[in-house]
Amino acid sequence: MTQREREIYEIIRAMPMLEQSDIAQKLNITRSSVAVHIANLQKKGYILGRGYLLKEQDYIVGIGAANVDIHGRSKRSIILRDSNPGHMSSSAGGVTRNVSENLARLGASVKLITALGDDIYAEQIRNECSGAGIDFSHSMVVENHPSSTYISILDEQGDMYVAMSDMSVLQRMSMEFLKSKSGIISGAKFITCDTGLPEEVLEGILDVYSPQTPVFVDPVSCTYAEKIKPHIGKVDTLKPNRLETEVISGVKIHNETDLERAADVLLEKGLKHIYISLGSEGCFYMNRDGVKIKRALKPLEQMENATGGGDAFMAAVLYSRLYEFDVNETLDFALAAGVAAISYKGTINPSMSVDLIEKILEERRL
């Protein structure tokens, strides 16, 4: 689906009885152009028959962490072993939950499968997910157990100084539980998950659902990245940073040649796509067809919070795949989504949208 086709599809989804001339007026194009795009959408199966009957919307299933994020940002350089003046905030977080919320705010249909405790944090997570448009009805609750929490200390520039997480409730998730959700999972267009899951669950998801349903994985951290190493050949798309790439590939990265070699090691094992986050240097992409692209946008003058940038990037990669963007469009879209995330003080930018991403691209594309 092209960008214009997607715009027309979204208009029709919201107002199925709208005339072609009205759609043309909304997009400032000719009615004949609208007719051509609608015909293409019909050929591709997105519009079924006459009267603009739309195909049931594809959805993405997220399986993984949902927690409460507590952030403290220092007002000045951090002094260790001392109390530092700063600003505190809390919001729902967790890698897979964050990816899911960004997807929902972009307009995708998302179902989240996670594990919660039975405490006040669970209510906060549930309410924020529902408010964002995530289908949260398939998650599990573990009685007499705290929900996952994550605390990060940010320096005066908004970059992470140190963080700690307690995701023990997620270790209660089992393949037996996921089997009870097999209809929901197998019906998804894509699955996104993180390595905070128990290794047997991560392995089970890849064994049961991949490659029929492509699985997108965020390694989360160097410690958790070890879990995905034995199963990398069953992953469709991986989004590590430089250090996580070293852990999974076994290749030390000192320069761009090493970066390509590390990516190639993983692709030779069966991985299809890899997006390596390079921080302010952007992203390096490589796939099994030998496509290699390094891309960056103009950096922000002031970063508010680095925590959610990678999750927004992954959500944008999934969204781009859902709507069949090409690789260059995907990289631009994902990098701009990352900028949108780190421009906001919280983990998730509540203004996240396709329009916001396109505006950022206009301003920051190199």
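Readers should treat all values here as calculations from the given coordinates under stated rules, not as data from a laboratory. If you're wondering where the values come from, they're calculated on a predicted model, not measured in any experiment. Note that we place each Cβ from the backbone using ideal geometry, even for glycine, and neighbour counts take in every protein chain shown.
Out of F190, F216, one residue alone is in contact with a Cys (Cβ under 8 Å, 6 or more places away or on another chain), within 27 Å of A122 (Cα to Cα) and touching a residue at least 60 places away in the same chain (Cβ under 8 Å). It is F216. Which residues, taken from segment 14-33, are over 26 Å from A108 (Cβ atoms) and β-branched (V, I, T)? Residue satisfying the conditions is T30 alone. Only one entry in I70, I120 is under 18 Å from G346 (Cβ atoms) and either surrounded by 17 or more Cβ atoms within 10 Å (Cβ to Cβ) or among the aliphatic types (A, V, I, L, M) (or both), namely I70. Taking the criterion of being crowded, with 19+ Cβ neighbours inside 10 Å and β-branched (V, I, T), the residues of segment 145-199 that qualify are T149, V169, I185, I191, T192, T195. Kindly provide the set of residues from segment 272-293 that are out of contact with any strand residue (DSSP E or B) (no Cβ under 6 Å at 6 or more places or on another chain) and either within 19 Å of L318 (Cβ to Cβ) or among the basic types (K, R) (or both), ordered by number. Matches in segment 272-293: K272, R288, V291. With a requirement of 1 or more residues that are crowded, with 16+ Cβ neighbours inside 10 Å, in contact (Cβ under 8 Å) with a residue 60 or more places away in the chain and β-branched (V, I, T), the helices (runs of 4 or more DSSP H) lying completely within segment 228-343 that satisfy it span 309-322, 327-342. Within segment 123-144, restricting attention to residues that are surrounded by 19 or more Cβ atoms within 10 Å (Cβ to Cβ) and part of a loop (DSSP other than H, G, I, E, B), which residue is nearest to the chain's Cα centre (by Cα)? The extreme case among them is I134.
Do the conditions hold for N127, that is, is it of a type outside the set (A, V, I, L, M) and farther than 27 Å from S351 by Cα? So N127 does not fit the description; no. Whenever a residue of segment 131-159 is under 18 Å from I120 (Cβ atoms) and touching a residue at least 40 places away in the same chain (Cβ under 8 Å), its partners that are crowded, with 18+ Cβ neighbours inside 10 Å and among the charged types (D, E, K, R), lying with C-beta atoms within less than 7 angstrom and at least six residues away or across chains, give the pairs Y150/D69.
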